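The values are calculated or read from the model by the stated rules, or taken from the named source; none is laboratory data. Small disclaimer: the values here were computed from a predicted structure and weren't measured. Cβ sites come from the backbone with ideal geometry, for glycine too, and all protein chains shown count toward neighbours.
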Amino acid sequence: MADQKAAFDAATRDVQQLDVRPDNETLLRLYALYKQGSEGDIGGEKPGFFDFVGTAKYEAWASLKGMRPADAQKKYVELVRKLAG
């Protein structure tokens, strides 16, 4: 588990060093996996209708509800490694 946490922490640093900015769909996936991996299931109210970015982030994270944080961390690391090449 400590190795997984270390890999997750490294991936959060590595994602900022990507040569190419991922598309919006991939960015939302990264955001959702990061939040699920670091905080678990989403809480709070969905942002207002006109908060398009906030709503997209909320829905991306909410789509992972029930996923174990360790599984989200693993998927996050895999996605960052894939993007880094």
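The figures follow:
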| quantity | calculated |
| --- | --- |
| Tally, over segment 32-54, of residues that are over 29 Å from Ala2 (Cβ atoms) and either outside any helix (DSSP H, G or I) or in contact (Cβ under 8 Å) with a residue 60 or more places away in the chain (or both) | 8 |
| Residue match in segment 55-72 (condition: part of a loop (DSSP other than H, G, I, E, B), surrounded by 15 or more Cβ atoms within 10 Å (Cβ to Cβ), at pLDDT 95 or above and in contact with a Lys or Arg (Cβ under 7 Å, 6 or more places away or on another chain)) | no |
| Criterion: touching a helix residue (DSSP H, G or I) at 6+ places or on another chain (Cβ under 8 Å) and small (Gly, Ala, Ser) - qualifying residue of Ala6, Ala84, Ala2 | Ala84 |
